[in-house]
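Input: a single structure, listed below in structure tokens.
The values are calculated or read from the model by the stated rules, or taken from the named source; none is laboratory data. The model shown is predicted, which means the values in this text are computed figures rather than measured ones. Positions of Cβ are backbone-derived with ideal geometry, glycine not excepted, and every protein chain shown enters the neighbour counts. All accessible areas refer to the heavy atoms of the entire protein, side chains included, with ligands and DNA or RNA removed. Shrake-Rupley method; radii C 1.70, N 1.55, O 1.52, S 1.80 Å.
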Amino acid sequence: MSTNGTVAILPGDGIGPEVIEQGVRIIEHLNQHSGAGLVCERAPVGGAAYDLHGHPLPAATLALAKRADAILLGAVGGKKWESLPRELRPEQALLSLRSELNLFANLRPAILFPELVAASTLKPEVVSGLDLMIVRELTGGIYFGQPRGIRTEADGTRTGYNTMVYNETEIRRIAESAFQIARLRNRRLCSVEKANVLEVSELWREIVTDVGRSYPDVELSHMYVDNASMQLIKAPKQFDVIVTSNLFGDILSDAASMLTGSIGMLPSASLDAKQKGMYEPVHGSAPDIAGRNIANPLATILSVAMMFRSTFGRNDLAQRVEHAVRQALAQGYRTGDIATASQPTIGTREMGDAVLAAL
Ligand code: NAD
């Protein structure tokens, strides 16, 4: 079965190009040996794009991202570009891509591979077997709500304010995404909000409950965000899929990511209503280790697996990639971030080799 599609490859800055290279090797391997049929087209983004074209998201890069079926992005940012005006900083490219492409559903799986149980800060019995998915609303809520600002009152004191706002349509579409994802997993969805205090959360709960009527096969529960943050640390395996708003999801997904040991292991997807997606490792450009062939490429390789599953409907290829990663770990291959003191380590490219060999 051929997939046929175009993937925009946006390597970015720091370790971005190094880890992306390993992701591209996986796609090319599946093109050659499994008829994946994907065409990869490259374009600069972030600081690298600013250096070349004077803008972190040049028109040609945005045009490619819009035309492509999926986007595979490395990471952006670095000291060199920190003093630029805000609209020219590398991170602006990410925000523009999300809003221009309407990527409202951010999926962040937190999976602990059995071989890496020792890399988590939590007790093995609490985290071993962990496999949860956080679905975070990405283009609404308090990060975008108006009015916002800092005003000076008549008496000279300053007041900072933001608005947490969601309309029914926004809640309904993220709820639909989450229910569909839960259906493909263990059919349990926990909606996280603060309905005991916030009206916006009250509406959130009402709409999620309403959407749930169309998914009788998925068990829906509701949890306040303060309790959810506690439960994530106390008993994370109780969760299958969590759906939540932009702000709560930002915080909870970072907490969940640390359950699994290293940020170098965590993939993510940001999807629109038609499953077009931007896939990227959760980590940043890691300038401290860039250019040394020591970054862990597995978060990027696992992002490629998510791409095959969500955008191209190729669960078979996604599973093969995930299985190959598992096999490389089982064979003892470790980059520095996931190795214990006594384990030998390998480089970025060698980890790519190990996964390819397992494929
Ligand atoms: P970071 O994720 O880049 O690095 C945090 C720590 O984790 C560092 O010690 C780094 O060496 C390590 N690390 C990260 N990825 C790793 C990997 N694959 N393998 C091994 N170790 C890894 O976060 P930071 O240091 O706060 O930010 C660095 C730059 O990245 C900043 O400019 C920031 O704005 C940017 N950033 C970009 C994104 C993105 O592009 N999506 C996300 C976060 C941060």
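Decide, for the range 1-120, between rounded, prolate and oblate: order the square roots of the alpha carbon gyration tensor eigenvalues as a ≥ b ≥ c, take rounded if a/c falls under 1.5, and otherwise choose prolate if a/b is larger than b/c, else oblate. Because a/c hits 1.5 or more and a/b fails to exceed b/c, the range 1-120 counts as oblate. Placing +1 on the Cβ of every Lys and Arg and -1 on the Cβ of every Asp and Glu, with no other charges, gives the chain a dipole of roughly 340 debye about its Cα centre.
Around residue 6, under 10 Å between beta carbons, what's the net of Lys plus Arg minus Asp minus Glu among the other residues?
In short, -1.
Evaluating 6.51 cos²θ - 1.76 cosθ + 1.60 at θ = phi - 60° for every residue in the range 152-162, the Karplus couplings come out as 9, 6, 4, 8, x, 6, 9, 10, x, 8, 9 Hz, glycine and proline recorded as x. Note on the chain: helix-only mean residue ellipticity at 222 nm, from DSSP H runs of 4+ residues weighted -39500 (n - 2.57) and normalised by residue number, equals -12000 deg cm²/dmol.
Here the label points at residue 331 and residue 221, each 7 Å from Cα along the C-beta direction, are separated by 4.0 nm in the simple model.
Temperature 25 °C, viscosity 0.890 mPa s: under these conditions the Stokes-Einstein estimate for the range 113-266, based on its Kirkwood radius over C-alpha pairs, is 146 µm² per second.
Ranking 198, 266, 238 by how far each Cα lies toward the positive end of the dipole of the range 113-266 (charges on Cβ) leaves 266 at the top. The H on the amide N of residue 191, modeled in the peptide plane, is under 5 Å from the matching H of 221, 222, 223, 243, each at least 5 residues off or on a different chain. The Cβ shell under 13 Å around residue 260 holds other residues with a net charge of -2, Lys and Arg each +1, Asp and Glu each -1. For residue 209, neighbours were defined as the other residues whose beta-carbon sits under 14 Å from its Cβ, and their charges (Lys and Arg +1, Asp and Glu -1) total -4.
The label-point distance for residue 230 and residue 118, in a model that sets each label 7 Å from Cα toward Cβ, rounds to 3.4 nm.
Stretched out fully, how many nm does the piece from residue 6 to residue 125 gain, at 0.36 nm a residue minus the Cα gap?
38.6 nm
Rounded to the nearest 20 debye, the dipole size of the range 113-266 about its Cα centre is 200 debye, using +1 on the Cβ of Lys and Arg and -1 on the Cβ of Asp and Glu.
Rounded to a whole number, what % of the accessible area of the chain do carbon and sulfur atoms account for, probe 1.4 Å? Carbon plus sulfur share of accessible area: 52 percent. Compared with the direct C-alpha span, the chain from residue 167 to residue 146 gains 6.3 nm at full extension, assuming 0.36 nm per residue.
Panel note: the C-alpha atoms of the chain, placed on their principal axes, show extents of 61, 48, 44 Å (largest first).
Computed about the Cα centre, the dipole magnitude for the range 1-57 is approximately 160 debye when only Lys and Arg (+1) and Asp and Glu (-1) carry charge, each at its Cβ. Using r as the Cβ-Cβ distance of residue 199 and residue 83, and R0 as 30 Å, what FRET efficiency do you calculate, to the nearest 0.05? After rounding to 0.05, the efficiency reads 0.15.
The phi torsions of the range 36-46, fed into the Karplus equation with coefficients 6.51, -1.76 and 1.60 and a -60° offset, translate into couplings of 5, x, 9, 9, 9, 10, 9, 7, x, 8, x Hz, rounded to whole numbers, with Gly and Pro shown as x. In the chain, a dipole from Cβ-located charges (positive for Lys and Arg, negative for Asp and Glu) runs towards its positive end, and of 229, 90, 359 it is 359 whose Cα lies farthest in that direction. Dipole of the chain (Lys/Arg Cβ +1, Asp/Glu Cβ -1, origin at the Cα centre): which of 328, 81, 101 lies farthest to the positive side? Farthest along the dipole direction, towards plus: 328.
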